[in-house]
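The values are calculated or read from the model by the stated rules, or taken from the named source; none is laboratory data. Quantities reported herein were computed from a predicted structural model and do not represent experimental measurements. Using ideal geometry, Cβ is built from the backbone for each residue, glycine included, and neighbour counts are taken over all protein chains shown. Keep in mind that these areas ignore ligands, DNA and RNA; they rest on the heavy atoms of the full protein, side chains included. Shrake-Rupley method; radii C 1.70, N 1.55, O 1.52, S 1.80 Å.
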Amino acid sequence: ENLFLSGLTAVEKKLAEYKCNTNEAIQLKLVRFPEDLEDENTTFNPEYSHQVFGDDEVAFGYKGLKILLYYIAGNLSTLFRIEYTSKVNEKFDCVEADDVESKIRDIIPPGFCTNTDDFVSLLEKEVNFKPFGMLLHTYSIHNEEAGEDITYQIYKADMTCPGFREYHERLQTFLMWFIETASFIDVDDERWNYFLVFEKYNKDGATLFATVGYMTVYNYYVYPDKTRPRVSQMLILPPFQGEGHGAQLLETVHRYYMSSPTVLDITAEDPSENYVKLRDFVLVKLCQDLLCFSPVKLMQGFSQEMVTEAQQKLKINKQHTRRVYEILRLRATNMSDAEQSRSYRLDVKRRLIGPYKKKQRELAKMRRCLRPEEMTNQLNQIDLNLQREQLEESFQQLVSDYRRVLERLAQA
């Protein structure tokens with residue numbers, strides 16, 4: 001029996017060597033020049049691969065597995081190859097390796113290259129690639145490394161643009177690797193708008209365009225004649241993250257819808273924490289000069305005037321306007337003045353306590369049916385203390401988030 005067990009652990013040990021973390025195995029690249037293929041600095045990895053390889057994010061059956069997904073920087077033509085140093089063998093090891101190839105093929109569109117030569121010859125045609133749709137905004141960012149200003153452009157595209165449908169299919173595969181709950185959208189629904197960010201760069205004296213990121217927005221119909229655009233997906237590709245493109249993109253999209261009389265306001269679908277921070281920054285930047293947000297009015301509290309003005313002029317909904325008000329009021333408040341800081345704290349906590357109060361009422365109803373009176377009072381007391389702590393914690397967290405927004409605003 002012991003022999004059997006030790007034999008088993010040997011097999012297990014051997015098989016354990018054939019497990020690879022898929023976030024490390026998948027190597028992504030955005031290629032501009034042939035030499036980028038050999039340059040390790042241009043490689044980046046997914047943050048997530050659970051949607052393709054399961055919750056463990058593991059591929060079984062290979063040693064030294066590399067899943068190469070290289071994209072030409074502009075039109076995202078794809079090279080897909082799998083490399084490994086060894087693979088388990090059904091005859092000898094009695095186990096089957098995961099079919100990595102078909103898992104990747106499920107999410108990348110057909111028509112990719114499988115060898116480097118084909119890919120490099122496509123790279124030469126990249127000079128013909130132009131952005132899709134209508135130019136909305138041009139901006140430049142100073143790049144320390146290059147020692148110069150780099151120009152970026154934001155376009156609005158739709159499925160009628162020649163070649164855009166196929167390009168979008170390649171672009172959306174990045175969602176799987178960088179958005180935790182990503183899903184592909186139904187591109188045949190004409191209510192989708194697409195906003196794309198490109199970088200202009202030079203190659204052999206020509207101007208080329210590289211894909212930086214994008215956003216999809218769905219236009220919900222609101223009776224009788226309005227729409228409510230809802231931000232669905234937003235991704236700035238990793239090599240470009242932290243440079244301010246997200247803010248440029250979101251502000252440009254806001255300005256695009258602001259000019260439309262039929263748009264009611266802009267919302268977002270299930271926003272991530274990072275997106276909320278980005279939106280806070282962009283909306284505060286847009287709102288700070290509105291008359292309704294003057295320091296005097298901020299000190300008088302949140303008002304209907306703020307809601308109306310932010311919605312009519314900037315297409316911002318009530319919930320987001322409330323956050324903008326809290327951030328701008330924080331800026332106008334002297335937090336080291338006991339009276340001012342107390343007044344601010346109460347104002348924010350009054351909003352935060354809303355959901356607690358609702359829960360409290362529901363609990364009270366339930367308890368009246370279940371328990372004797374004195375028990376209820378004690379429990380309510382415990383609840384209140386806990387609630388106070390949670391409330392204070394939420395408040396502190398919020399203030400530190402708000403301060404970061406204000407710091408970024410001061411630098412903008």
Practice item. Go over the candidates Asp106, Asp56, Asp117, Asp99 one by one and state the one that is out of contact with any helix residue (DSSP H, G or I) (no Cβ under 7 Å at 6 or more places or on another chain), open to solvent by 80 Å² or more (accessible area, probe 1.4 Å), under 20 Å from Phe178 (Cβ atoms) and without any contact (Cβ under 8 Å) to a residue 40 or more places away in the chain. Key: Asp56
Check your understanding: Can you name the condition, by its number, that Thr216 falls short on among (1) open to solvent by less than 20 Å² (accessible area, probe 1.4 Å); (2) of a type in the set (Ser, Thr, Tyr); (3) at pLDDT below 95?
Key -> (3)
Practice item. May I ask you to say which residue of Asn219, Asn274 is touching a Lys or Arg at 6+ places or on another chain (Cβ under 8 Å) and not in a loop (DSSP other than H, G, I, E, B)? Key: Asn219
Revision key, fill the gap. Residue set Leu264, Leu278, Leu250; condition over 30 Å from Ile150 (Cβ atoms) and free of Cβ contacts under 8 Å to residues at least 60 places away in the same chain; output residue Leu264
Review point. Does any residue of the range 151-171 turn out to be acidic (Asp, Glu), modelled with pLDDT under 95, open to solvent by 60 Å² or more (accessible area, probe 1.4 Å) and not in a helix (DSSP H, G or I)?
Key: no
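Condition first: more than 25 Å from Val197 (Cβ to Cβ) and part of a strand (DSSP E or B). Can you find one or more residues in the range 121-131 that meet it? Before you say what the answer is, go through the steps one by one.
Step one: of the range 121-131, the residues more than 25 Å from Val197 (Cβ to Cβ) are 121.
Narrowing the set further to residues that are part of a strand (DSSP E or B) leaves none.
For the range 121-131, residues more than 25 Å from Val197 (Cβ to Cβ) and part of a strand (DSSP E or B): absent.
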Check your understanding: Only one of these conditions is not met by Gly111: (1) of a type outside the set (A, V, I, L, M); (2) under 24 Å from Leu237 (Cβ atoms); (3) open to solvent by less than 10 Å² (accessible area, probe 1.4 Å). Which number is it?
Key -> (3)
Practice item. Find the residue count for the range 239-253, including only residues that are more than 16 Å from Leu409 (Cβ to Cβ) and open to solvent by less than 10 Å² (accessible area, probe 1.4 Å). Key: 3
Review point. How do the pairs read when you match residues in the range 299-322 that are open to solvent by 50 Å² or more (accessible area, probe 1.4 Å) with residues anywhere that are among the hydroxyl-bearing types (Ser, Thr, Tyr), using Cβ under 7 Å and keeping only pairs 6 or more apart or on different chains?
Key: Phe302/Tyr325
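Select from the range 242-271 the residues that are outside any helix (DSSP H, G or I) and farther than 27 Å from Lys226 by Cβ and list them in ascending order.
Residues of the range 242-271 outside any helix (DSSP H, G or I): 242-244, 259-271.
Matches in the range 242-271: Gly242, Glu243, Gly244.
For the range 120-135, how many residues are among the acidic types (Asp, Glu) and open to solvent by 60 Å² or more (accessible area, probe 1.4 Å)? Working first, answer last.
Just the residues of the range 120-135 that are among the acidic types (Asp, Glu), to begin with: 124, 126.
If we keep only those that are open to solvent by 60 Å² or more (accessible area, probe 1.4 Å) too, we end up with 124.
Selection size over the range 120-135: 1.
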Check your understanding: Among the listed residues Asp270, Asp265, Asp280, which satisfies the condition of being at pLDDT below 95, of a type outside the set (Gly, Ala, Ser) and buried (at least 19 other Cβ atoms within 10 Å of the Cβ)?
Key -> Asp265
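I'd like to verify a number: residues in the range 36-49 that are open to solvent by 30 Å² or more (accessible area, probe 1.4 Å), in contact (Cβ under 8 Å) with a residue 12 or more places away in the chain and either assigned to a helix (DSSP H, G or I) or outside the structural domain of Lys103 (by the TED database) (or both), how many?
So in the range 36-49, the residues open to solvent by 30 Å² or more (accessible area, probe 1.4 Å) come out as 38-43, 45, 47-48.
In the following step, the residues that additionally are in contact (Cβ under 8 Å) with a residue 12 or more places away in the chain were identified as 42-43, 45, 47-48.
Subset that is either assigned to a helix (DSSP H, G or I) or outside the structural domain of Lys103 (by the TED database) (or both): 42.
Total meeting the criteria: 1.
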Study note, to complete from the structure: Output for Cβ contacts, cut-off 8 Å, separation at least six or different chains, first residue under 19 Å from Arg403 (Cβ atoms) in the range 338-354, second of a type in the set (D, E, K, R), reads Tyr344/Arg329; Asp347/Glu326; Asp347/Arg329; Val348/Glu326; Arg351/Arg322; Arg351/Glu326
Check your understanding: Looking only at the range 179-203, which residues are open to solvent by less than 20 Å² (accessible area, probe 1.4 Å) and in contact (Cβ under 8 Å) with a residue 60 or more places away in the chain?
Key -> Ala182, Tyr194, Phe195, Leu196, Phe198, Tyr201
Point to revise | Residues that are farther than 28 Å from Glu166 by Cα, open to solvent by less than 30 Å² (accessible area, probe 1.4 Å) and either out of contact with any Gly (no Cβ under 7 Å at 6 or more places or on another chain) or modelled with pLDDT of 95 or more (or both), drawn from the range 59-95 | key: Ala59, Gly61, Tyr62, Leu65
Practice item. Output yes when any residue across the range 82-89 is within 26 Å of Glu35 (Cβ to Cβ), out of contact with any helix residue (DSSP H, G or I) (no Cβ under 9 Å at 6 or more places or on another chain), assigned to a helix (DSSP H, G or I) and without any contact (Cβ under 8 Å) to a residue 40 or more places away in the chain, and no when none is. Key: no
